[in-house]
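Right, one structure below, let's go through it.
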2 protein chains.
Amino acid sequence: MIFIVAEILNVGTEILLGNITNSNAAFLSQQLAGIGVSVFRHTSVGDNHKRLKCAIEHAFENADVVITTGGLGPTQDDITKSVAAEFFGLKLEMHEESRQRILERFAGRELPESVERNALVPQGAKVFPNENGSAPGICIESGGKILIMLPGPPHELQPLFLNYAAAFLREKTEGVFVSRTLKIIGIGETAVESQLRDLIDAQTNPTIAPYAKVGEVHIRITASAADETAAHTLLSPVADEIYRRLNPRIYGENEVSLAEVVLELLKTQNHTLAVAESCTGGLVSSDLISVPGSSVVFREGFVTYSNEAKTARLFVPESLLAAHGAVSAEVAAAMAEGAAKAANATVAISITGIAGPDGGTQEKPVGLVYVGLFVAGRGMLTEKFNFTGNRNEIRRRSAISALDLLRKKIDMDIG
Amino acid sequence: MIFIVAEILNVGTEILLGNITNSNAAFLSQQLAGIGVSVFRHTSVGDNHKRLKCAIEHAFENADVVITTGGLGPTQDDITKSVAAEFFGLKLEMHEESRQRILERFAGRELPESVERNALVPQGAKVFPNENGSAPGICIESGGKILIMLPGPPHELQPLFLNYAAAFLREKTEGVFVSRTLKIIGIGETAVESQLRDLIDAQTNPTIAPYAKVGEVHIRITASAADETAAHTLLSPVADEIYRRLNPRIYGENEVSLAEVVLELLKTQNHTLAVAESCTGGLVSSDLISVPGSSVVFREGFVTYSNEAKTARLFVPESLLAAHGAVSAEVAAAMAEGAAKAANATVAISITGIAGPDGGTQEKPVGLVYVGLFVAGRGMLTEKFNFTGNRNEIRRRSAISALDLLRKKIDMDIG
């Protein structure tokens, strides 16, 4: 196998000012790992000629490939192309096809004076046409060095990488990296690590790496091999062993979201869903509706933050609220049952809790959350949590826990 | 004024694999700009002794201050402290106060064997106590160089920076940078730039920089001066001129969110609010409830994705749905009016639209969204949008537009 080493070089003063979070570096790193390119450094510099040139020189001391992001626009701040041309001793020249493409993009609109500068390209460079903006991607290959320049906006950069740069780089490598990410809820990173300690300590190929997210832990298993089939053959036994140890806490793999898993589960069983939310305030409904096609399953959401709404919409008796308080297992149960009834759904989940920062008491502290699950013909279940974190972390953890309760318990006899 | 130059050095193989997005670099950059520290580079390297040492050496070629993030944990992957100690020629020694703090954190729980390693600190270093984790922040000042090491998890890093590192650095600088960020909705970045072109071209101090966000544009004005008052004196006339040109599209400044502005406006006018959502599916309710204290104003949210729910909950006549379709100005109006009535609120907003990727037609394409505003005793208003972007960008733009319609029109005679 030939491994290629890459550096990602992000160009833009707005990155150094903290005005944008550098999501391009993470996107490119993930993609590069998948095609057998090993990323050894990320560097971000401002729109400064001298510093950018130093950074390119420094990068090629170790890297076979340098991928730049940003600085390809038409203004005088956008210097990536001219610095790169200087580094390779090339002149910039008008790329007629890119110029025509820009003129078409602006057909019928006033063409900003400077915009044709987007079509200037170092002589002899490969050009990756940009369907989503004016600046094309550019690739210079010279003297054993490869420099790929991509525009900064993610919706331009991502298709340019996926449609052009990836294929170009794939031809330069032999072998592949293949990853599987197992997604876990209901157990912390430290506990996951200690359950997998022997596997992690023994890792060579595949490698095993756990990562903590808000309310979740992801375990990424990565194998390198000559081809995808061989990589998957290496991955399978390790993944199987992790499933054996951590099931049923693993809800899915790779890009799948918990909301997608839950919707698919409900759809398969011909269920319909209602959601009753207090402290999460629409977060669970929004997670579900973010999935295309969710309308097949999702009946209705109730954001019943006030006691009045819980009573009016979900038939939660005032006496129950008075006796136990809105944040209680009893009210969580009544909310779920009421939501199913009101929306004429077969399944309902409910969330009631204290997200803070105010409203906590000794008896019911900030972070106390009850979630409820009602399944028609089966019964009712509630679960109690004590979450840590700020208001929105508590809300996020509550939303995840409610969806996960549904995922784990819908098939069980909970009557 | 003495300006300090800093490099941010992120340590962690998970960054280079793209498993996490490096939000720490953006957070630290923003904070450093605010205290007169100029960031000239971000670098991310893996958990590799040699490369980290090279990166520290390379950073101090230009920087007075290097801030590292990550690699402070107790495992053998966590090498930042030992590499830093080696760079400065210092030994690691047990920091008793930090050790006690860790023992207290784990009181009653099993103490992982390695966790005491978190309390090892290069001799003579300043220690910043960590309230949210086991690894303290560490600051080494030696030979005109300052190295600040912070743990990687943002909820540990941020308070350590704000409570300790910022004060330490502020003493080293003279002069301040002060920024105001004006937040704008309803006009694109290009249009903002062209309306402010002369101001942007003439900028020296303060500087003016526009940034595009999903559905919003932010303009950051930054002045450097001897003290805060002097900086604000420089900022005011520029901000005033931008307000003159872009009002009423500027909804707020700095950290304030649109949801906070809307809630404050409603509270001041003693209004109560109901929200009826179709394609946004709880996003607007969730934005509002993410603000502490929102319960004073927020009555109830209705996630009425289906026609049945629109009729049952919001009294939208079936005949209206049949005549105009769910995505129409008429239904948006009926949803808002029905939500106010059902929740007994004085104000209601509604959203109905086609978020895609499916469900679009020639007549009603993906991205078509209607928002409605009802104000008791005043009347009803709807607005039509054609948004671009993927499903969740369309949902986000829809949510913002509904809140912004309320912000702009609640005071007007819309009857």
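Read-outs: derived from the displayed coordinates by stated rules, not from any lab. Quantities reported herein were computed from a predicted structural model and do not represent experimental measurements. With ideal geometry, Cβ positions are generated from the backbone for all residues, glycine too; neighbour counts draw on all protein chains shown.
What the table below lists for this structure:
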{"read-out": "Under 5 Å, built H, 5+ apart or other chain: amide partners of B:GLU93", "value": "B:VAL121, B:GLN123"}
{"read-out": "Rg(Cα) / (2.2 N^0.38 Å) computed for the stretch B:149-223, rounded to two decimals", "value": "1.47"}
{"read-out": "Vicinal HN-Hα couplings computed from phi for the stretch B:273-283 (Karplus, 6.51 cos²θ - 1.76 cosθ + 1.60; Hz; Gly/Pro x)", "value": "10, 10, 10, 10, 10, 10, 5, 6, x, x, 5"}
{"read-out": "Gyration tensor verdict on the stretch B:1-57 (Cα atoms; rounded if a/c is under 1.5, prolate if a/b is larger than b/c, oblate otherwise)", "value": "oblate"}
{"read-out": "Highest-MSF residue in chain A out of A:ASP404, A:ASP358, A:ASP64 [GNM, Cα springs under 10 Å]", "value": "A:ASP358"}
{"read-out": "Packing rank of A:347-353, A:122-128, B:198-204, A:375-381, where each peptide gets the mean count of other beta carbons within 10 Å, highest leading", "value": "A:347-353, A:122-128, A:375-381, B:198-204"}
{"read-out": "Karplus-derived HN-Hα couplings along the stretch A:28-41 (A = 6.51, B = -1.76, C = 1.60, θ = phi - 60°), whole Hz, x at Gly and Pro", "value": "5, 4, 4, 5, 5, 4, x, 10, x, 9, 9, 8, 10, 7"}
{"read-out": "log10 of Debye I(q)/I(0), alpha-carbon scatterers only, for the stretch B:272-408 at 0.10, 0.13, 0.18 Å⁻¹", "value": "-0.27, -0.47, -0.91"}
{"read-out": "From phi via Karplus (6.51, -1.76, 1.60), per-residue ³J(HN,Hα) for the stretch A:365-372 in Hz, x at Gly/Pro", "value": "x, 4, x, 6, 9, 10, 10, x"}
{"read-out": "Rg to Rh, two decimals, where the stretch B:89-233 supplies the alpha carbon set and Rh follows Kirkwood", "value": "1.16"}
{"read-out": "Share, in percent, of DSSP beta bridges within chain A that are antiparallel, nearest 5", "value": "60"}
{"read-out": "In the stretch B:1-110, GluC sites (Glu not before Pro) in a DSSP loop with at most 13 other beta-carbon atoms within 10 Å", "value": "B:GLU61, B:GLU110"}
{"read-out": "Sparse-neighbour loop sites [trypsin sites (Lys or Arg not before Pro); the stretch A:10-104; at most 13 other C-beta within 10 Å; DSSP]", "value": "A:LYS91"}
{"read-out": "Intensity falloff of the protein assembly as shown expressed as log10 I(q)/I(0), Debye formula with alpha-carbon point scatterers, at q = 0.10, 0.11 Å⁻¹", "value": "-1.27, -1.52"}
{"read-out": "Computed Rg/Rh of the stretch A:342-415, alpha carbon atoms with Kirkwood Rh", "value": "1.04"}
{"read-out": "Choice from A:GLY325, A:GLY18, A:GLY372 with maximal GNM fluctuation in chain A (Cα, 10 Å cutoff)", "value": "A:GLY18"}
{"read-out": "Radius, Kirkwood style, for the stretch B:4-102 when every pair of distinct Cα atoms is counted (Å)", "value": "14.4"}
{"read-out": "Test item: Cα-centred dipole of the protein assembly as shown, Lys/Arg +1 and Asp/Glu -1 on Cβ, debye", "value": "920"}
{"read-out": "Out-of-range pairs (alpha-carbon distance over 20 Å; input B:LYS145/B:LYS172; A:LYS53/B:LYS213; B:LYS53/B:LYS91)", "value": "A:LYS53/B:LYS213"}
{"read-out": "Overall Cα dimensions of the stretch A:23-180 - principal axes, largest extent first, Å", "value": "47, 34, 27"}
{"read-out": "Distance (nanometres) between label positions extended 7 Å along Cα→Cβ at B:ARG105 and B:LYS384", "value": "5.8"}
{"read-out": "Inter-chain shielding of B:303-310 (mean C-beta neighbours from other protein chains, 10 Å cut-off)", "value": "6"}
{"read-out": "Protection-proxy order for peptides A:152-158, B:133-139, each taking the mean of Cβ atoms within 10 Å per residue, highest first", "value": "B:133-139, A:152-158"}
{"read-out": "Mean Cβ neighbour count within 10 Å, used as a protection proxy, ranking B:327-336, A:313-322 highest first", "value": "B:327-336, A:313-322"}
{"read-out": "Per-q log10 I(q)/I(0), chain B, q = 0.13 Å⁻¹ (Debye; single scatterer per alpha-carbon; no solvent)", "value": "-1.08"}
{"read-out": "The protein assembly as shown: antiparallel DSSP beta bridges as a percent of all, rounded to 5", "value": "65"}
{"read-out": "Number of partner chain Cβ atoms within 10 Å, mean per residue of B:40-50", "value": "5"}
{"read-out": "Average partner coverage of A:25-36, which counts Cβ from other chains inside 10 Å", "value": "4"}
{"read-out": "The stretch A:1-136 - share of DSSP beta bridges that are antiparallel (%, nearest 5)", "value": "20"}
{"read-out": "10 Å beta-carbon shell around A:VAL303, net charge (K/R +1, D/E -1)", "value": "-1"}
{"read-out": "Estimated [θ] at 222 nm from DSSP helical runs (n ≥ 4, -39500 (n - 2.57)) normalised by residues in chain A, nearest 500", "value": "-11000 deg cm²/dmol"}
{"read-out": "Cα gyration tensor shape for the stretch A:308-385, rounded if a/c is under 1.5, else prolate or oblate", "value": "prolate"}
{"read-out": "Prolate/oblate/rounded label for the stretch A:87-165 (Cα gyration tensor, a/c 1.5)", "value": "oblate"}
{"read-out": "Options B:GLY133, A:SER319, A:GLN123, ranked by Cα towards positive dipole end of the protein assembly as shown, top entry (Cβ charges)", "value": "A:SER319"}
{"read-out": "Part-to-part distance (alpha-carbon centres) for the stretch A:355-380 and the stretch B:351-411, which is given in Å", "value": "33"}
{"read-out": "Among B:ALA312, B:ALA345, B:ALA276, residue whose mean-square fluctuation peaks in a GNM of chain B (springs only between Cα atoms under 10 Å)", "value": "B:ALA312"}
